[in-house]
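Trainee: One structure, pasted below without further comment.
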Amino acid sequence: MTKLASYLDKQPGTSRLWANQLFRAGTSISANLEESCSAESYRDFISKQSIALKEAKETRYWLRLLIKSEMMTETQVENLLDECEQLIKIIGKSIVTSKGKP
């Protein structure tokens with residue numbers, strides 16, 4: 001994700017806002033997952049995981065927007081989109097499982 005954001009930032013006509021948003025959302029996923037590892041309670045764990053899930057969905061949004069705006073082709077970002085989808089499923093399942101615990 002960081003390489004794509006850096007690439008976009010250097011392209012003429014590409015909004016720096018898009019590159020920054022993609023970078024922020026993409027790196028926030030792992031930051032929040034890392035924080036969830038030292039959660040003080042189930043509620044705290046679920047909260048951090050939920051933020052990571054939202055950031056993964058936001059990252060997916062920015063990747064899709066790059067395709068729709070024709071700044072990138074689907075082929076160029078398909079691996080990142082696939083990774084986002086997988087993370088969304090994994091984090092979502094983690095939240096559901098955690099909510100089932102006392």
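Quick note: the coordinates plus some simple rules give every number you see, no bench work behind them. Keep in mind it's a predicted model, so treat the numbers as computed, not measured. Cβ sites come from the backbone with ideal geometry, for glycine too, and all protein chains shown count toward neighbours.
Trainee: Treat each spin label as a single point 7 Å out from the Cα along the C-beta direction, and report the S98 to T27 distance in nm.
Mentor: Simple spin-label model gives 2.3 nm for this pair.
Trainee: Taking only Cα atoms, what is the 0 to 90° angle, nearest 10, from helix 74-99's long axis to the longest principal axis of the chain?
Mentor: 10
Trainee: Please build a GNM for the chain, connecting alpha carbons under 10 Å apart, and tell me which residue among T27, T59, T75 fluctuates the most.
Mentor: T75
Trainee: With a Förster radius of 22 Å, plug the Cβ-Cβ distance of R16 and Y61 into 1/(1 + (r/R0)^6) and report the FRET value to the nearest 0.05. Intermediate results must be reported in sequence, preceding the final value.
Mentor: Details: r = 18 Å, r/R0 = 0.80.
Given R0 = 22 Å and the Cβ-Cβ separation, E is 0.80.
Trainee: How large is the convex hull of the C-alpha atoms of the chain per residue, in Å³? Before the final figure, lay out each step's value.
Mentor: Numbers: hull volume 8.4 nm³, N = 102.
Per-residue hull volume (Cα only) is 82 Å³.
Trainee: Do you know the relative contact order of the chain, to the nearest whole percent, from alpha carbon pairs under 8 angstrom that are 6+ apart? Walk me through the intermediate numbers first.
Mentor: On the way: 92 pairs, mean separation 25.4, N = 102.
Computed over the chain, the figure is 25 percent.
Trainee: Moving to a separate point now. A39 label point, 7 Å along Cα→Cβ, cut-off 16 Å on backbone N: hits in segment 80-102?
Mentor: Residues passing the 16 Å test: 88-102.
Trainee: Can you give the calculated 222 nm mean residue ellipticity of the chain, where each DSSP H run of n ≥ 4 adds -39,500 (n - 2.57) and the sum is split over every residue, rounded to the nearest 500 deg cm²/dmol?
Mentor: Numbers: 4 runs with 83 residues, N = 102.
After summing the helix terms and dividing by residue count, I get -28000 deg cm²/dmol.
Trainee: Distance from the Cα centre of segment 1-60 to that of segment 69-102, in angstrom?
Mentor: Here the answer is 12 Å between Cα centres.
Trainee: Looking at this model, which pairs from K3/K57; K10/K93; K3/K89; K68/K89; K3/K101 are more than 29 angstrom apart at the alpha-carbon?
Mentor: Numbers: K3/K57 19 Å; K10/K93 37 Å; K3/K89 24 Å; K68/K89 23 Å; K3/K101 38 Å.
Going by Cα-Cα distance, K10/K93; K3/K101 fall outside the 29 Å limit.
Trainee: Quick check: the angle from helix 16-36's long axis to the longest principal axis of the chain, C-alpha only, nearest 10 degrees?
Mentor: 20
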